[in-house]
Amino acid sequence: MESTITAVAIIVVLSLWHLRNRRHPGWLASDDGRFYVLCGYPLVAVAAYALTAAPTATTWEWALGNLWALAAMVSFVSGFEALNRATALHAERSQAFESVGLAEAATSHRDRRLPRPANGAISQ
């Protein structure tokens with residue numbers, strides 16, 4: 001009964017956390033980030049199973065469960081680093097795209113001199 005309650009609790013918590021993670025600004029921008037985060041969910045489930053199935057904290061099942069938990073943590077950290085990196089890269093690109101140079105910002109469009117045609121005629 002305890003393992004069933006643990007399994008249901010893990011599924012509910014991971015589902016709620018996934019709904020929150022999908023709202024991350026880099027979720028649609030980073031395939032690697034999504035991959036690592038989505039790999040972390042089953043790793044957590046396997047780690048929880050190994051930790052709850054271990055008869056004592058000194059058996060090899062307990063050590064194996066801790067290794068699975070470590071793998072899940074590394075997967076989540078790598079995923080969120082990739083999501084944050086994608087968000088920062090998109091922000092940097094959009095900032096460069098939207099920024100205006102000082103020379104252009106200091107003068108109005110009327111103050112700029114238009115190049116004169118070669119025949120000397122002034123074009124409007």
- Residue by residue, what Karplus-based ³J(HN,Hα) values in Hz, rounded to whole numbers, does region 42-49 have, using 6.51, -1.76 and 1.60 with θ = phi - 60° and x for Gly and Pro? x, 5, 5, 5, 5, 5, 5, 5
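Taking a quarter of the surface of the Cα convex hull of region 2-101, what do you get in nm²?
Taking the Cα atoms of region 2-101, their convex hull projects to 7.3 nm² on average.
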- Item | Linear extension gain, residue 96 paired with residue 23, 0.36 nm per residue minus alpha-carbon span | 23.8 nm
- Karplus 3J(HN,Hα) series, Hz, for region 14-26 with 6.51 cos²θ - 1.76 cosθ + 1.60 (x for Gly, Pro): 5, 5, 5, 5, 5, 4, 6, 5, 5, 7, 4, x, x
- Message: Can you pull out the trypsin sites (Lys or Arg not before Pro) in region 1-101 whose DSSP state is coil and whose Cβ has at most 16 other Cβ atoms within 10 Å?
- Response: 22, 23
- Message: Testing the spin-label approximation: label points 7 Å from Cα along Cα→Cβ at residue 5 and residue 63. State their distance in nm.
- Response: 3.1 nm
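Rule-based calculations on the coordinates, nothing more; no lab input. All figures in this text were calculated on a predicted structure; none of them were measured in a lab. Cβ coordinates were reconstructed from backbone atoms using ideal geometry, including for glycine residues, and neighbour counts include every protein chain displayed.
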